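The values are calculated or read from the model by the stated rules, or taken from the named source; none is laboratory data. Only a predicted model underlies this, so the values are computations on that prediction, with no experimental measurement involved. Ideal geometry is used to build each Cβ from the backbone, glycine not excepted, and the neighbour counts take in all protein chains shown. Surface accessibility is based on the protein's heavy atoms, side chains included, excluding ligands, DNA and RNA. Shrake-Rupley method; radii C 1.70, N 1.55, O 1.52, S 1.80 Å.
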Amino acid sequence: AFIHLTSLHELSFSSNLLRHLNVDMFIGLDNLRFLVLDKNKLTSIEFDTFRHMPNLRVLSLHDNLIETIESFSFVSLVHLRSIDLGNNRIVEIAPDMFAGLVNLEEIFMNGNKLVSLNHDTFVGLEDTLTTLYLPENNLMYIEANAFEKLTQLSYIYLASNRLKRIDRNTFAGVA
């Protein structure tokens, strides 16, 4: 569909009725920097869906119906700096969901159904992640050292969750 749009830098499909993203639908978008898929009907993100967009910097999937994101779904997005998965139905962050995102600085996952964060949730983001936005989830538990080694983390937003206790080592290792 985009094979002849090799110079395209920004693309928005906001407020449509997209239910599924075909891996090959993005062929030709090698130079795309911003992709906005907000307010659609997407329910899942499959492995390496965005492989044809190696230069993507910002990905927004806000206000969809996403419940599952497979491990390594974003692995090709080595230049991605910001991802917005807010206002979906995500219950857990799959192991290696953020694998390969060596330049990721911001994660927005507000308004989901996350219940817990584990010590390995953010593995691979130790040197880049600066902003973690997780308000309005169902977070009840954050494992000790969940933020360990996130040396660049400057902003953590956890308002309007269901946290009952904060362990002494919950924020151990945060700069």
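Okay, here's what the table says:
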quantity: Residue check, L104 out of contact with any Ser or Thr (no Cβ under 9 Å at 6 or more places or on another chain) and open to solvent by less than 30 Å² (accessible area, probe 1.4 Å); calculated: no
quantity: Residue list for the stretch 119-139, restricted to those being loosely packed, with under 15 Cβ neighbours inside 10 Å and either hydroxyl-bearing (S, T, Y) or modelled with pLDDT of 95 or more (or both); calculated: N138
quantity: Meets criteria (among the aromatic types (F, W, Y), open to solvent by less than 20 Å² (accessible area, probe 1.4 Å) and either free of Cβ contacts under 8 Å to residues at least 24 places away in the same chain or over 20 Å from F108 (Cα atoms) (or both)) for F74; calculated: no
quantity: Number of positions in the stretch 89-100 that are at pLDDT 95 or above and open to solvent by less than 10 Å² (accessible area, probe 1.4 Å); calculated: 1
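To keep it simple, each residue is scored yes or no on (1) modelled with pLDDT of 95 or more; (2) open to solvent by less than 40 Å² (accessible area, probe 1.4 Å).
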{"site": "R19", "(1), (2)": "yes, no"}
{"site": "N22", "(1), (2)": "no, no"}
{"site": "G28", "(1), (2)": "no, yes"}
{"site": "L32", "(1), (2)": "yes, yes"}
{"site": "E46", "(1), (2)": "no, no"}
{"site": "V58", "(1), (2)": "yes, no"}
{"site": "L61", "(1), (2)": "yes, yes"}
